[in-house]
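Before any comments, here is the structure.
The values are calculated or read from the model by the stated rules, or taken from the named source; none is laboratory data. Note that the structure is a prediction, hence the values are computed from the model and not measured. Cβ placement follows ideal geometry from the backbone for every residue including glycine, while neighbour counts extend to all protein chains displayed. Heads up: the accessible areas ignore ligands, DNA and RNA and are worked out on the full protein's heavy atoms, side chains in. Shrake-Rupley method; radii C 1.70, N 1.55, O 1.52, S 1.80 Å.
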Amino acid sequence: GRLIEGFEYATKDAFLTTRGRVLGGAASYTAERDNTTTKEGKASLKLHFEPQARGSWGYTEIFLEQVQDISGDRAISVWVHGDGSGQHIKILLIDEDRERWHDEEIPVAFKGWKRIVFGVKGLARDPFDGVTNGDSRPNPDKLAGFAFAMRANHNKPATVFVDGVTAHP
C-alpha cells in the first residue's frame, strides 16, 4: 500500500494546521500528536476520550496537505492501538467537497495495535455531517482528510493511538 498519513509533522504548529475541529458531546476529547506510542514511523495521533455518560461522543478531523487521488485504490487501512476500554471508534473519510463518509463503528475491545481495513466503495454518509453544499456522493477519487469519532459505550475514559493511514490498490 501507499502511506497517506503518518502524523509526522516537524512541529506542533505544523500539526495544528492540519487538525480541524475537536468536538465533544458530553465528553472531554483531545487529539494530539504523539511520539511515544507508534506503529510506523516516529509519530501517531493520540485520542483521549473522557465521556460523562453512555452515548457521549468526541470527534476530530485531520486534513491532508494535498488532496489525494485514490481512484486506483480499493481499501484504506489504519493502525489503531486499543486500550481494551470497550468504547467505539469510527473512522471517516472526508472527500474533496468536505463530506464525511464512514463504515461501521469498531469496538475498542482489543489492547495493542490492530490494523483496521475497510473498502472505499459503499461507504455511508455520516448522518451528523453538517455539510450542505456537497454533492451527497462519496468521491473516493479525491480524499481530503480523515475524521476520528469516538462514542461512549460506558462512562470510563479511553486512550487510543492512530497511525499509518494507508491506501491499498
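Quick look at the values:
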{"item": "Breaking point among (1) open to solvent by less than 10 Å² (accessible area, probe 1.4 Å); (2) in contact with a Leu (Cβ under 9 Å, 6 or more places away or on another chain), for L64", "result": "(1)"}
{"item": "Residue match in the range 67-76 (condition: outside any strand (DSSP E or B), open to solvent by less than 20 Å² (accessible area, probe 1.4 Å) and among the β-branched types (V, I, T))", "result": "yes"}
{"item": "Residues of the range 91-111 that turn out to be modelled with pLDDT of 85 or more, within 17 Å of V162 (Cα to Cα), open to solvent by less than 70 Å² (accessible area, probe 1.4 Å) and not hydrophobic (A, V, I, L, M, F, W, C), as a count", "result": "3"}
{"item": "Residue among G20, G55, G1 that alone is more than 25 Å from K142 (Cα to Cα), surrounded by 13 or more Cβ atoms within 10 Å (Cβ to Cβ) and modelled with pLDDT under 95", "result": "G55"}
{"item": "Condition met for K114 (touching a strand residue (DSSP E or B) at 6+ places or on another chain (Cβ under 7 Å), open to solvent by less than 70 Å² (accessible area, probe 1.4 Å), in a strand (DSSP E or B) and charged (D, E, K, R))", "result": "no"}
{"item": "Among residues of the range 29-50, those that are touching a residue at least 12 places away in the same chain (Cβ under 8 Å), surrounded by fewer than 14 Cβ atoms within 10 Å (Cβ to Cβ) and touching a strand residue (DSSP E or B) at 6+ places or on another chain (Cβ under 8 Å), counted", "result": "1"}
{"item": "Among (1) more than 29 Å from N35 (Cα to Cα); (2) modelled with pLDDT of 95 or more - the single one V131 does not satisfy", "result": "(2)"}
{"item": "Matching residues, the range 68-82, being under 16 Å from the mean Cα position of the chain (by Cα) and either over 23 Å from A14 (Cβ atoms) or β-branched (V, I, T) (or both)", "result": "A75, I76, S77, V78, V80, G82"}
